[in-house]
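The structure under discussion appears below in the form of C-alpha cells.
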Amino acid sequence: MVRNNWTIDEIKAIYDTPLLDLIYRAATVHRENNETGEVQVCTLLSIKTGGCPEDCAYCPQAARYNTGVDVQALMKKDEVLEYAAKAKAAGSTRFCMGAAWREVRDNKDFDRVIDMVKGVNEMGMEVCCTLGMLNEDQAKRLADAGLYAYNHNLDTSKEHYSEIISTRTYDDRLATLDNVRKAGVTVCCGGIIGLGETHEDRIKMLHTLSTLPQHPESVPINALVRVKGTPLADNPKVDTWDMVRMIATARILMPATMVRLSAGRAEMSQAEQALCFMAGANSIFAGEKLLTTPNPSFEEDNLMFGLLGLKPRVAFKEEKELIA
C-alpha cells in the first residue's frame, strides 16, 4: 500500500531494523509492487559543464572550487542526439541531460535545450533534464517539448542542508518540484549520503520524500563521490551497508517508486550492487561518466545483468500498459 503519512518514528524503526531482516522486508515489498528482474537503464550527459555559481560542497562543477573540470559551453543539438543514439543502442531507455546552471533562464540556451528535448523524445526515449531551479512556465515549456522527467535532488535533510549549500534554500528545491508536478512532468528526486550527515538526517530526508503529496517516480540514492578540490574531498568513503540500508528503507516507504542506485557504483563490486538490487533498487545510470565523475561502462553492466538475470526496463512502460 502506498502511504504519504509516514512519521519520523516509523521511518526510524524501519531504518534501524537489523540489516538482514530489513533486506528481506524490502525485497518482499519490491516483489509485491515491481518486476524484480528488470532494471531501468538511464544515461546522464553533461550538456553544459562547469562554471556553476553555486557552492554545493560536493560538486566538482562549482566555479569556486579548483577541481580540474574544464568549463564547456552548451553542446550542439546534433552532438547530444548522437550521444543519445549510442546510449539507446547500448540499452538505455531514459536519457538525462544535465546543465551546470543555478536556474533556468529564458534565453537562447534554454531554447536550444527545448530543441534537444524534442529530438530525444522523437527517438522513443524517456527524456529527463536536470537544469537547476525552474519556474512554472519553464516547466510547462519543457513538458510541451516532451520532457518525461525532471531531476532535482534534495541532497540531504532540511536541517543539514545549510552545511552543504548556501546559495539556494531547501524551500527553493521544493518549489521547483512543485512546478514540475504542476506541469505534469514526473519527478526524479533523491539525495546523497556521505556528506557528513547523521543517520537522523538520512531518516529526515526520506521522510520529506515519502510524505510529499505524490511520491517521486524516481528516487536516486547517491554515495558521495569524493573529488579533490571540493570541501568534502576528504570525507570517508560511504560504506556499502549504508547504501543498502538507504535503498531498502526507501523501497519500503515508496513501494512503486523507481529507486536508483546512482553515484558511487564505480567503487562497488558486483556482489555489493547485487545486494542493492535485492534490497529494492531497480534503476541505474549506465555509461562511463555521471556528468564529470566515473561510472561503470555499458559493457561491465551488461556482464552484471547477464550474471544476475536482469533485463532493461522498456521505455514508457506504464503508459504502454495503460494503453494495453
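None of the figures in this text is laboratory data; all of them are computed from the coordinates on show. Please read all numbers here as calculations on a predicted model, not as lab measurements. Note that we place each Cβ from the backbone using ideal geometry, even for glycine, and neighbour counts take in every protein chain shown.
How high is the FRET efficiency between Glu35 and Lys118 when r is their beta carbon distance and R₀ equals 41 Å, given to the nearest 0.05?
That gives a FRET efficiency of 0.85.
Can you tell me, using C-alpha contacts under 8 Å and at least 6 residues apart, the relative contact order of the chain as a whole percent? Could you put the intermediate results ahead of the total?
Working: 623 pairs, mean separation 82.4, N = 324.
Dividing the mean separation by the residue count of the chain yields 25 percent.
Using a 4.7 Å cut-off between beta carbons, which cysteines in the chain end up with no partner cysteine at all?
Cys42, Cys52, Cys129, Cys188, Cys189, Cys276
Listed here are the pairs Lys182/Lys204; Lys182/Lys237; Lys118/Lys182; Lys88/Lys317; Lys204/Lys237; which of them are more than 27 Å apart at the Cα?
Over 27 Å apart, Cα to Cα: Lys182/Lys237.
Which of the aspartates and glutamates could a cross-linker span from Lys158 if the Cα-Cα distance has to be under 16 Å and same-chain partners fewer than 8 positions apart are dropped?
Within the straight-line limit of under 16 Å, Lys158 reaches these aspartates and glutamates: Asp171, Asp172, Glu197, Glu200, Asp201.
Quick one: putting +1 on the C-beta of Lys and Arg, -1 on the C-beta of Asp and Glu, what dipole do you get for the chain around its Cα centre, in Debye to the nearest 20?
340 debye
Antiparallel versus total DSSP beta bridges in the chain: what percent is that, nearest 5?
10 percent
Calculated from DSSP H runs of 4 or more alone, at -39500 (n - 2.57) each and per residue, what is the 222 nm mean residue ellipticity of the chain, nearest 500?
Calculated mean residue ellipticity at 222 nm is -12000 deg cm²/dmol.
For the stretch 1-103, just the Cα atoms, rotate onto the principal axes and tell me the three extents in Å, largest first.
Cα extents, longest axis first: 47, 36, 25 Å.
Antiparallel versus total DSSP beta bridges in the stretch 1-112: what percent is that, nearest 5?
10 percent
R0 = 41 Å: FRET efficiency of Asp144 with Asp21, Cβ-based, nearest 0.05?
Step by step, r from the Cβ atoms, then E = 0.30.
Report the label-to-label distance for Ser269 and Asp171 in nanometres (one decimal), using points 7 Å from each Cα along the Cα→Cβ vector.
4.8 nm
For the stretch 145-263, just run the numbers: alpha carbon Rg, then divide by 2.2 N^0.38 Å, N being how many residues it has.
Cα-based Rg divided by the globular estimate yields 1.04.
In Å, what Kirkwood hydrodynamic radius results for the stretch 212-282 from the alpha-carbon pair distances?
Over the stretch 212-282, the inverse of the mean reciprocal pair distance is 12.8 Å.
Name the residue from Ala26, Tyr15, Gly51 whose Cα lies farthest towards the positive end of the charge dipole of the stretch 1-67, charges +1 on Cβ of Lys and Arg and -1 on Cβ of Asp and Glu.
Farthest towards the positive end: Gly51.
Answer with a single label: of [x] -0.34, -1.19; [y] -0.44, -1.23; [z] -0.33, -1.33, which was calculated as log10 I(q)/I(0) by the Debye sum over Cα atoms at q = 0.08, 0.15 Å⁻¹ from the structure in view?
[z]
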